[in-house]
Amino acid sequence: MALPISRTIIATDDAPLVSRGYACLTFALTFGLMLSDYMSRQMINAIFPSLKAERALSDTQLGALVSVVALTVGLMTFPIPLLADRWGRVKSATVMAIVWGWRLSRAT
């Protein structure tokens, strides 16, 4: 019994799939978002004295606040990539930006 012969196409072209400028722009935007995320999480620590005075919070409650933020970021690491794979990265990033903007507008 003869097995069918399959042809394998090997790409000989070493051209990248995207341009260098697009890759640099994507890196810069991702780096900016990560920097913004880090700075916003560190802002909680910077306002500890005013939170403690205005809201009469204990050190334990302030520590729990930081822990909740870190835990939320850690837990959302799993469903967000699944969402991005199912819906596509552009749609999921748009939804996340809308939710984030809505949340910020409601907080102020």
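Just a few scattered comments:
- Residue satisfying condition, being assigned by TED's automatic domain parsing to the domain that holds THR26, assigned to a helix (DSSP H, G or I), more than 30 Å from THR26 (Cα to Cα) and among the small types (Gly, Ala, Ser), within set ALA64, ALA70: ALA64
- Out of THR94, THR77, THR26, one residue alone is under 17 Å from the mean Cα position of the chain (by Cα) and outside any helix (DSSP H, G or I). It is THR77.
- Scope the stretch 37-65; condition under 28 Å from ALA93 (Cβ atoms) and either of a type in the set (D, E, K, R) or under 18 Å from the mean Cα position of the chain (by Cα) (or both); matching residues: ASP37, TYR38, MET39, SER40, ARG41, GLN42, MET43
- Taken over the stretch 47-105, the residue count meeting the criterion of being over 19 Å from MET34 (Cα atoms), among the β-branched types (Val, Ile, Thr) and surrounded by 11 or more Cβ atoms within 10 Å (Cβ to Cβ) is 1.
- Odd one out for MET34, checked against (1) part of a helix (DSSP H, G or I); (2) farther than 28 Å from VAL90 by Cα; (3) of a type in the set (A, V, I, L, M, F, W, C): (2)
The values are calculated or read from the model by the stated rules, or taken from the named source; none is laboratory data. Bear in mind the structure is a predicted one, so any value in this text is a computation, not a measurement. We place every Cβ from the backbone using ideal geometry, glycine too, and count neighbours over all the protein chains shown.
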